[in-house]
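Scroll down for the structure; my scribbles are underneath it.
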Amino acid sequence: MKPFCRDTWVEVDLNAIRANVEAFRRHIPAATGIMAVVKADGYGHGAVHVGQEALSSGADSLAVAMLDEAVVLREAGITAPVLVLGYTPVESVAIASRWGIELTASHAEWVEQAEAELTRAGAQPIGIHIKTDTGMGRLGVRDADELLQVVEALEHSPHLNWTGIFTHFACADEEDTSHARAQHERFQALLSALRTAGKTLPRVHCCNTAAAMVFPEWGYDTIRLGIGLYGLYPSPYLKQQAVLQLTPALSLKTRIAHVKTAAEAMTVSYGATYTAKPGETIATLPIGYADGFSRLLSNRGAVLHAGSRAPIVGRVCMDQIMVKIQSETAQVGDEVVLYGRQGMEEISLDEVAGLVGTINYEIPCMLNYRIPRVYRRDGEVTEVFHPLTMTHRPAHSVNN
Ligand SMILES: Cc1ncc(COP(=O)(O)O)c(C=O)c1O
């Protein structure tokens, strides 16, 4: 049985996820753990599959942005520690307790309200990491007095155990490290204030991928490994530095749905912004902006067919794009790579991000529920998950 009925799919190479965890394992101090950041459905790769692979490759915990994402991991049977990095509305803290999920606090008032809610619900205690804002300007306590208030509120809360303290860097991926260094100094000062006040520090963490690459000595108890887990560099600058060799895990593939050769000048797609010359071969591919393939790639990007680049011609439609094919033998059903490698050629997520005017992070995150995810290990399909129909299929039912 075919597990999905469209000829467009994402492939995730689980060996790449493993290799990336291992590369960071070798790079950071032995005593530093790895928290795999699988928010946004594992940056579009699939949070459950990436999370499981990361945990079996050396990561010891997972992090997500919001509680719903954490519950998805638990429902899939993941029992490792899971931390919600973002804000959790107080009304939901009993759900975190039910699933044994750690939350982030950055306000004494939130701690008091969460304690009241857990008492009211008769819930089990939960672990809390305190977020400090050392220069990101997003969430977190900003000074030692505020921090001590949160710590003391936690100490007075039987249902909230203080299990971690962290900060997040705003500029660790840049050549100029002054902002990251200043943030780290502020973080150290906050930790010192806690020690001076006689507090025993729980798990301390500050490094995202970029900081872990550049300052592995700032690893403390764990790094929070996001983009590097997926084999992508946090910035073109760090890619060029190549401190670590990373392996991209995601490819986006499709198959030709229609081929035609222009007998005479022929306009292509909405707005007739491209005119094929007589003799040009145009293939139609079943992917569009409603899948998260940006319309900004209209008349700009390229795909790979028969190992060569085929430029995208005309506007990206909601469900389809057209490409100018070089090969005269192109046929309906031929495999086309939109992101990833084919033969000697590669369309990297960095290249696509450059064309769209964004960062590589956003490109896989845009790929949405309409696209089935195919997981491979050692080249073999291990599982297929189609978010649109929410079906899991074992490898033996896959014939793509
Ligand atoms: C608080 C926090 N920690 C860690 C990460 C992971 O960052 P990166 O993907 O750059 O490794 C993120 C992602 O944005 C984050 O928000």
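The numbers here are math on the coordinates, done by the rules we state, and not lab data. Treat the numbers as computed from the prediction; the structure is a model and nothing was measured. A quick note on method: Cβ atoms are made from the backbone with ideal geometry, for glycine too, and the neighbour counts reach across all protein chains shown.
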- Message: Please compute, for the alpha-carbon atoms of region 14-230, the extent along each of the three principal axes and give them in descending order in Å.
- Response: 46, 41, 27
- Query: Given 4 °C and 1.567 mPa s, how large is the Stokes-Einstein diffusion coefficient of region 250-367 in µm²/s, with Rh as the Kirkwood radius over Cα pairs?
  - Reply: 92
- Which of the peptides 288-299, 141-152 is most tightly packed, and how do the rest follow, judged by the mean count of other Cβ atoms within 10 Å per residue? 288-299, 141-152
- Task: Binning at 10 Å from 0, report for region 96-138 what percent of all alpha-carbon pair distances ends up in each bin.
- Result: 26, 50, 19, 5
- Given labels modelled 7 Å from the Cα in the Cβ direction, how far is it in nm from Ala182 to Met366? 3.3
- Query: Which peptide among 205-212, 168-175 comes first, and what is the full order, when sorted by highest mean count of other Cβ atoms within 10 Å?
  - Reply: 205-212, 168-175
- Item | Relative contact order of the chain, defined on C-alpha pairs under 8 angstrom at six or more residues apart (%) | 17
- Task: Quick one: of Lys239/Lys277; Lys39/Lys253; Lys39/Lys324, which pairs are farther than 30 Å apart, Cα to Cα?
- Result: Lys239/Lys277; Lys39/Lys324
- Semi-axes of the equivalent ellipsoid for the chain, Cα gyration tensor, largest first, Å: 44, 22, 18
- Hey, fewest Cβ within 10 Å first, where do Thr247, Thr167, Thr32 land in order? Thr247, Thr32, Thr167
- At 0.36 nm per residue, minus the direct Cα-Cα distance, what do Met344 and Thr275 gain on full extension? Give it in nm, one decimal, please. 21.9 nm
